[in-house]
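Values quoted throughout were computed directly from the atomic coordinates according to the rules given, and no laboratory measurement underlies them. These numbers come from a predicted model, not from an experiment. FYI the Cβ positions are ideal-geometry reconstructions off the backbone, even for glycines, and counts take in every protein chain you see.
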Amino acid sequence: MESLTIEPIFANSPEAKGRVERLFDTLQDRLVKEMRLAGITTVEEANRFIRETFIPWFNQRFGVAPKSIEDLHRALTQKEQKNLNSIFARHEQRTVQNDFTIARNTQWYQLTEQQPVTVCKKDRITVEEWLDRSIHLRLRGKELVYEILPERPTRTKKRIPWVLTTTTATAAPVSSWKPGADHPWRRHIALALVKKQSKNTTFLNP
């Protein structure tokens, strides 16, 4: 409702929603008696009776003509029409694990290396279950790419980066160069060792 800019007004007591409470009272009392008088004994007969007999009678008996026939519904924007599947979905929050996996209902989802948005460990991901039962992962308005794992991933000693980005970084080559014995770094270390040894040396008188 927030995504569609709809403000709900809650009625937290039966007195605040008297019309609905009276409707429930009618349905729970009168409908049961009408089906008993009609000799209904099966679910199929009950559904047919409600659709063909009770609803037309109920609307004719209690229906009220509106004061205005003007449609006051606000038209959806193009963005809202595009995201209706995401809006009318079951939303849950999940945390990205250290191996960039997400768990939901005993199912594990592995985030791929290439993503439309930067993903960090411990990020809070929105898991959307659409009406067609498909699962979609979303972070900061972007839908993430994932793979379904057949089972829970096992621990590994392989180092995993802290961030999944939109591009893959190239590791710099490791240099094998070592400073020589006459390098200033080496001379500084040697001088420090000599000073340390001189402090620890004890001279004895002849």
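Numerical summary
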{"item": "Members of 79/121; 82/142; 122/142; 82/122 lying beyond 19 Å, as alpha-carbon distances in this model show", "result": "79/121; 82/122"}
{"item": "Inter-probe distance in nm under a simple model that places probes 7 Å from Cα toward Cβ, at residue 82 and residue 191", "result": "6.6"}
{"item": "Mean separation of Cα contacts under 8 Å (6+ apart) over length of the range 1-135, as relative contact order %", "result": "19"}
{"item": "FRET efficiency for residue 2 and residue 33, using Cβ-Cβ distance with R0 set to 41 Å, rounded to 0.05", "result": "0.45"}
{"item": "Peptide ranges 71-80, 51-60 listed from the most packed, as the mean C-beta count within 10 angstrom indicates", "result": "51-60, 71-80"}
{"item": "Environment charge of residue 104, counting only residues whose C-beta is closer than 10 Å and scoring Lys/Arg +1, Asp/Glu -1", "result": "-1"}
{"item": "Modelled FRET efficiency - R0 30 Å, residue 98 with residue 129, Cβ distances, 0.05 increments", "result": "0.75"}
{"item": "Amide H contacts of residue 108 (H built 1.01 Å from N, under 5 Å, at least 5 apart or other chain)", "result": "149"}
{"item": "Under 5 Å, built H, 5+ apart or other chain: amide partners of residue 144", "result": "137, 138, 139"}
{"item": "Longest to shortest principal axis, alpha-carbon extents of the range 14-62, angstrom", "result": "36, 20, 16"}
{"item": "Spin-label model distance (nm) - residue 155 vs residue 46, 7 Å beyond Cα toward Cβ", "result": "5.5"}
{"item": "Neighbour-count ranking [beta-carbon atoms within 10 angstrom, fewest first] of 177, 108", "result": "177, 108"}
{"item": "Under the Karplus curve 6.51 cos²θ - 1.76 cosθ + 1.60, θ = phi - 60°, whole-Hz ³J(HN,Hα) for the range 14-29, x wherever Gly or Pro sits", "result": "x, 5, 7, 9, x, 5, 5, 5, 5, 5, 4, 5, 5, 5, 6, 9"}
